[in-house]
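Here's the structure, in structure tokens; my notes come after.
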Amino acid sequence: MYYPMYFDPTYILVLIGVVICLIASAKMNSTFSRYSRVRNHSGMTGRDAAEQILHREGLYDVRIEHISGNLTDHYDPRTKTLRLSDATYNSTSVAALGVAAHECGHAVQHATGYVPLKLRSSLVPVANFGSSIAWPLIILGFFFNSSTTSSLFINLGILAFSFAVLFQIVTLPVEFDASHRALKILGNTGMLYEDEVRDTRKVLTAAALTYVAGAASAILQLLRILLLTGNRRND
């Protein structure tokens, strides 16, 4: 089959990945928006919940900070800082408590030496470097006439991008575990009633889907690279 020079059929894989990520993001935003309007029975804010959870777990050296933005919440293991966004910090919604508890889950993982979290942290620099250098290496490999040199650069590019994909895959158990810890704590401590925990589970499940989508997109991009470079080797 003939394709015009400007048309690359493997772009379909990229488009599929983009669509998956857009759907997951839209699901997350709509779910969070819905349950951000549901006030928890105690009137506890996201910050209150985070502080109570951290102290309950014996973590008194983790700082809680307010960070601007929407759903920019994260835990920084380098400085032992839990940052809660505008939508979480002062909010009394069940969604806010779920997000705050989830980030506390990461703090607990860090304190207990949770292996997947340690592995993900160690992959951060190599994954960032790999994702930025992969395509330049592969494109450079296409310019060499020598099959040996060309294959070397292409294979290095594939290896570099593979680290980025591995990072996305390792992220999944880290995020799933943090959500599991969050829901367990919220339910066992009575911070949320049973029906509120169910609502929070929907929020955290929607958030987890964004990570699944990210991993799927990365895998599809790796598949595209393999197809493109495979065609090159066959020429």
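A few notes on this one:
- Matching residues, region 62-81, being touching a Lys or Arg at 6+ places or on another chain (Cβ under 6 Å) and surrounded by fewer than 12 Cβ atoms within 10 Å (Cβ to Cβ): none
- Qualifying positions in region 32-57 - closer than 19 Å to A178 by Cβ and open to solvent by less than 60 Å² (accessible area, probe 1.4 Å): F32, Y35, G46, A49, A50, I53, L54
- In this structure, G190 does satisfy being outside any helix (DSSP H, G or I) and of a type in the set (G, A, S).
- Of all residues in region 112-146 being among the polar types (S, T, N, Q) and without any contact (Cβ under 8 Å) to a residue 40 or more places away in the chain, the one that is nearest to L223 (Cα to Cα): S131
- The one condition in (1) part of a helix (DSSP H, G or I); (2) more than 25 Å from E65 (Cβ to Cβ) that F144 fails to fulfil: (1)
- Residue within region 172-181 that is aromatic (F, W, Y), at pLDDT below 90 and either closer than 28 Å to A215 by Cβ or crowded, with 17+ Cβ neighbours inside 10 Å (or both) present: no
- Pairs with Cβ under 7 Å, 6+ apart, first in region 208-224 and closer than 11 Å to S25 by Cβ, second of a type in the set (K, R) and in a helix (DSSP H, G or I): L209/K27
- Test: residue in region 174-192 that is over 15 Å from the mean Cα position of the chain (by Cα) and of a type in the set (V, I, T): yes
The values are calculated or read from the model by the stated rules, or taken from the named source; none is laboratory data. Quantities reported herein were computed from a predicted structural model and do not represent experimental measurements. Note: ideal-geometry Cβ built from the backbone for every residue, glycine included; neighbour counts use all protein chains shown. Surface areas here come from the heavy atoms of the whole protein model, side chains and all, with no ligands, DNA or RNA. Shrake-Rupley method; radii C 1.70, N 1.55, O 1.52, S 1.80 Å.
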